[in-house]
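Trainee: Would you mind keeping the following structure in view while I ask a few things?
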Amino acid sequence: MPTPSNSALAFPEYDVAIVGAGPAGAACALALRGSGLRVALLDKATFPRDKVCGDAIPGHALKALGQLDPAYVDALWQLAPRDEVRRSRLVAPGGHSFYLHWKLRTFNSPRLHFDAALLQLVRQHTDAVVLENATLKELSILSDHARLQLAGGADITCRVVIGCDGANSAVGRQLLPEPRLARAHHSAGVRAYFENVADTEAGTTEFFFSRSHLAGYLWLFPVGEGRYNVGLGMLSELVSRHKIDLKKLLLENLATHPALAGRFRAARQLGPIRGFGLPMGGGRQRPASGARFMLCGDAASLIDPLQGHGIDLAIRSGILAAAQAAACVAQNDFSAAFMHQYDEQLQRQLGPQLAHSYRLMRLLGTRPWLMNLGTRLARLPGISAWVKRLLA
Ligand SMILES: Cc1cc2nc3c(=O)[nH]c(=O)nc-3n(C[C@H](O)[C@H](O)[C@H](O)COP(=O)(O)OP(=O)(O)OC[C@H]3O[C@@H](n4cnc5c(N)ncnc54)[C@H](O)[C@@H]3O)c2cc1C
């Protein structure tokens, strides 16, 4: 339950209330370190908490955190379990594969541990008041403050609220009249953990493309201690049009896909297959801010449409929102017009990458022959670097 804050007598109680302590919320709190602002970071869960994900921490996520303070990244490299990743293997529908070697050092680690480690950094390095088991129920924007009503009856008041509350964002639902993006900009994903998978290669994440799951892929990611995050993601438009049961399709592929079948014969599944949505960027974005509020990460539909990564974009948007919140307090301006600077920053810094990925996803996702041709060409000297630039 929420604990009383030091600033209980002040009004509003906080300068900034961040709803959601995943990567976006934790990064936002870290970026507000030293700002002098009174910050509350609240989450409906108690950490460590699971999050359905592929558990691949993008190199750009670590890079952005390192720019705030290299000590954050040093601490995250101590995390266990973890598996350092140096390259990816892409297997085309026809069975040809090629490797992409990544420039930025990074690792995979179950979100259960990674997100708890991020939140630990917030506790260790900032004065933010962390409230767990604190579910936002109702949110009102008033002329001189925002009021957050939590499950159980407690209230929080603040000058600006930052919605980092994920794909089903309560902040977004309550404050934005426009509906979420259409199914053409949304993917569905399922994943389970396995051990004893055969023929894996150290430091390698694997992506499998198939005619049965175009506009998406099956992944096999090592996450440390001999365990693998194995999942399947696909454009929601196709899932609903063809009434696809993703959990069933995942298991079928593990048993029958030519590049996978034998490898799972002796494998053991650890726990159930779980699914979750991926709101993707790159389309016509609905606004990510308004008077006294901003949205970050999945709440703002910022997942990369081609590769499905969103942790890096969540962290980068959380950092941008922190800068905007500090500017709002400094100028005492919480108007929608002033807050719109945040949307402009998002568009400038993340927009081109998301738009490029979306176009590429639509192109490759409907043309398996292009994937087959690409993987063959990518093995030719000189072309691999070009393919990597296209996909990275
Ligand atoms: C199947 C799948 C595979 C994926 N694989 C990858 C991958 O390998 N690499 C990658 O980079 N990305 C991946 N993603 C995307 C990634 O998981 C998200 O982009 C990322 O988690 C977004 O971070 P966030 O902080 O915006 O939201 P979240 O991580 O979802 O955090 C939101 C937080 O808000 C809290 N919350 C929600 N509602 C409330 C409320 N009402 N009140 C208070 N708190 C609330 C939640 O408890 C949660 O802690 C995957 C997603 C899926 C579904």
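The values are calculated or read from the model by the stated rules, or taken from the named source; none is laboratory data. These figures come from a predicted structure and were not determined experimentally. Cβ: placed from backbone, ideal geometry, glycine included. Neighbour counts: every protein chain shown. The accessibility values were calculated without ligands, DNA or RNA, using every heavy atom of the protein model including side chains. Shrake-Rupley method; radii C 1.70, N 1.55, O 1.52, S 1.80 Å.
Trainee: Could you tell me the relative contact order of the chain? Use alpha-carbon pairs under 8 Å, at least six residues apart, and round to a whole percent.
Mentor: In percent, rounded to a whole number, it is 22.
Trainee: Can you give the Rg to Rh ratio for region 120-235, taking only C-alpha atoms and Rh from Kirkwood?
Mentor: Details: Rg = 20.5 Å, Rh = 18.4 Å.
Here the Rg-to-Rh quotient is 1.12.
Trainee: Suppose only helical runs count, i.e. DSSP H with n ≥ 4. What mean residue ellipticity at 222 nm does that imply for the chain under -39500 (n - 2.57) per run, divided by all residues and rounded to the nearest 500 deg cm²/dmol? If you can, show how the numbers build up before the last one.
Mentor: Values: 11 runs with 134 residues, N = 392.
So the calculated ellipticity at 222 nm is -10500 deg cm²/dmol.
Trainee: Rounded, prolate or oblate: pick one for region 260-312, where a ≥ b ≥ c are the square roots of the eigenvalues of its C-alpha gyration tensor, a/c under 1.5 means rounded, and failing that, prolate if a/b is larger than b/c, else oblate.
Mentor: Working: a/c = 4.62, a/b = 2.69, b/c = 1.72.
Taking the square roots of the gyration eigenvalues as a ≥ b ≥ c, region 260-312 is prolate.
Trainee: Accessible area of the chain with a 1.4 Å probe: how many percent of it is carbon plus sulfur?
Mentor: 54
Trainee: Report the net charge of residues surrounding ARG49, where surrounding means a beta-carbon distance below 10 angstrom and charges are Lys +1, Arg +1, Asp -1, Glu -1.
Mentor: Details: positive: LYS44, LYS51, ARG111; negative: ASP43, ASP50, ASP115, GLU132.
After counting each charged neighbour, the total is -1.
Trainee: If I model a spin label as a point 7 Å beyond the Cα along the Cα-Cβ vector, how far apart are those points for ASP245 and ALA10 in nm?
Mentor: So the two model labels end up 5.5 nm from each other.
Trainee: Between GLN331 and ALA184, what is the spin-label point distance in nm, taking each point 7 Å from the Cα along the Cα→C-beta axis?
Mentor: 3.5
Trainee: Please work out the ratio of the alpha-carbon Rg of region 284-370 to 2.2 N^0.38 Å and round it to two decimals. List each step's numbers first, then the result.
Mentor: Values: Rg = 15.0 Å, N = 87, 2.2 N^0.38 = 12.0 Å.
Region 284-370 yields a ratio of 1.25.
Trainee: Just reorder ILE273, ILE244, ILE162 by solvent-accessible area, largest first, 1.4 Å probe, all chains present.
Mentor: On the way: ILE273 25, ILE244 45, ILE162 0 Å².
Listed by decreasing accessible area, they come as ILE244, ILE273, ILE162.
Trainee: How big is region 1-154 by Rg and Dmax over its Cα atoms, in Å?
Mentor: Final numbers for Rg and Dmax: 18.7, 66 Å.
Trainee: Any idea what the relative contact order of region 237-351 is, in percent, if you count C-alpha pairs under 8 Å spaced at least 6 apart? If you can, show how the numbers build up before the last one.
Mentor: Working: 107 pairs, mean separation 24.7, N = 115.
Value for region 237-351: 22 percent.
Trainee: So, taking all protein chains as they sit and a 1.4 Å probe, how much accessible area belongs to VAL129, in Å² rounded to tens?
Mentor: Near enough 30 Å² of accessible area.
Trainee: Per residue, how much space in cubic angstrom lies within the convex hull of the C-alpha atoms of the chain? Walk me through the numbers on the way to the answer.
Mentor: Numbers: hull volume 52.1 nm³, N = 392.
Taking only Cα atoms, the chain has a hull volume of 133 Å³ per residue.
Trainee: Then there's this: Can you tally the lysine pairs in the chain where the Cα-Cα distance is under 23 Å and the two residues are eight or more apart, or on different chains?
Mentor: On the way: LYS44/LYS137; LYS51/LYS63; LYS51/LYS137; LYS51/LYS247; LYS51/LYS248; LYS63/LYS103; LYS63/LYS388; LYS103/LYS388.
Close lysine pairs found across the chain: 8.
Trainee: Per residue, how much accessible surface does region 37-184 expose to a 1.4 Å probe? Answer in Å², no decimals. The partial results should precede the final answer.
Mentor: Working: 6460 Å² over 148 residues.
In whole numbers, region 37-184 has 44 Å² accessible per residue.
Trainee: For region 123-131, take each phi angle, set θ = phi - 60°, evaluate the Karplus expression 6.51 cos²θ - 1.76 cosθ + 1.60, and give the result in whole Hz per residue in order, putting x for glycine and proline.
Mentor: Here the 3J(HN,Hα) series is 4, 6, 10, 10, 9, 4, 8, 9, 10 Hz.
Trainee: Cα axis of helix 368-377 to longest principal axis of the chain: angle in degrees, 0 to 90, nearest 10?
Mentor: The angle comes out at about 80 degrees.
Trainee: Taking only protein heavy atoms into account and a 1.4 Å probe, give the accessible area per residue of region 241-352 in Å². Walk me through the intermediate numbers first.
Mentor: Details: 4870 Å² over 112 residues.
Accessible area per residue, region 241-352: 43 Å².
Trainee: Using a 10 Å Cβ count of at most 14 others and DSSP loop calls, identify the longest part of the chain lacking such GluC sites (Glu not before Pro).
Mentor: By the stated rule (loop sites, at most 14 other Cβ atoms within 10 Å), 1-200.
Trainee: Another question, if that's okay. Please determine, in degrees from 0 to 90 and to the nearest 10, the orientation of helix 311-331 with respect to the longest principal axis defined by the Cα atoms of the chain, where the helix direction is its Cα long axis.
Mentor: 20
Trainee: Considering only DSSP beta bridges where both residues belong to the chain, give the percentage that are antiparallel (nearest 5). Show your work: numbers first, answer last.
Mentor: Numbers: 50 of 71 bridges.
If we restrict to bridges inside the chain, about 70 percent are antiparallel.
Trainee: What is the sum of charges, Lys and Arg at +1 and Asp and Glu at -1, for the other residues whose Cβ falls under 14 Å from the Cβ of ARG147? Write down the numbers at each step before the final one.
Mentor: On the way: positive: LYS137, ARG159, ARG292; negative: GLU13, GLU138, ASP144, ASP155.
Local charge sum for ARG147: -1.
Trainee: As I understand it, the value is the acute angle between the Cα axis of helix 336-365 and the longest principal axis of the Cα atoms of the chain; what does it come to in degrees, rounded to 10?
Mentor: In the chain, helix 336-365 runs at an angle near 10 degrees to the longest axis.
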